[in-house]
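The values are calculated or read from the model by the stated rules, or taken from the named source; none is laboratory data. Quantities reported herein were computed from a predicted structural model and do not represent experimental measurements. As a convention, Cβ positions derive from the backbone with ideal geometry for all residues, glycine included, and neighbour counts pool all protein chains shown. What goes into the accessible areas is simple: the full protein's heavy atoms, side chains included, and nothing from ligands, DNA or RNA. Shrake-Rupley method; radii C 1.70, N 1.55, O 1.52, S 1.80 Å.
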Amino acid sequence: MELREVMKSRREFLMLSQRDLAELAMVSLATIKDIERGKGNPSLSTVGKILDVLGMEIEYKVRQTVF
């Protein structure tokens, strides 16, 4: 499942409209719509604001590579 799908699913679970989420995350409605359609290229900061409202977080992991 892609991040956009997870975000939309969580938004719907919380019964938030796209407009509600945009206002709570302090981003534009167009940004929310673009993300959910798989368009645009939001900054990590923007994604972080949205996920915070949704009660989610991003986890960073360093991959090990073998040379």
Enter the accessible area per residue of the chain (Å², integer; probe 1.4 Å; all protein chains in place). 80 Å²
Counted charge near residue 46, where neighbours are those whose Cβ lies closer than 12 Å (Asp, Glu -1; Lys, Arg +1): -1
Of the residues 67, 29, 55, the Cα lying farthest along the dipole of segment 25-67 towards its positive end, which is defined by charges on the beta carbon of Lys, Arg, Asp and Glu, belongs to 67
With all protein chains present, how much of the accessible area of the chain (probe radius 1.4 Å) comes from carbon and sulfur, to the nearest whole percent? 52 percent
Would you mind classifying segment 1-40 by shape? Square roots of the alpha carbon gyration tensor eigenvalues, ordered a ≥ b ≥ c; an a/c under 1.5 is rounded, otherwise it is prolate if a/b is larger than b/c and oblate if not. oblate
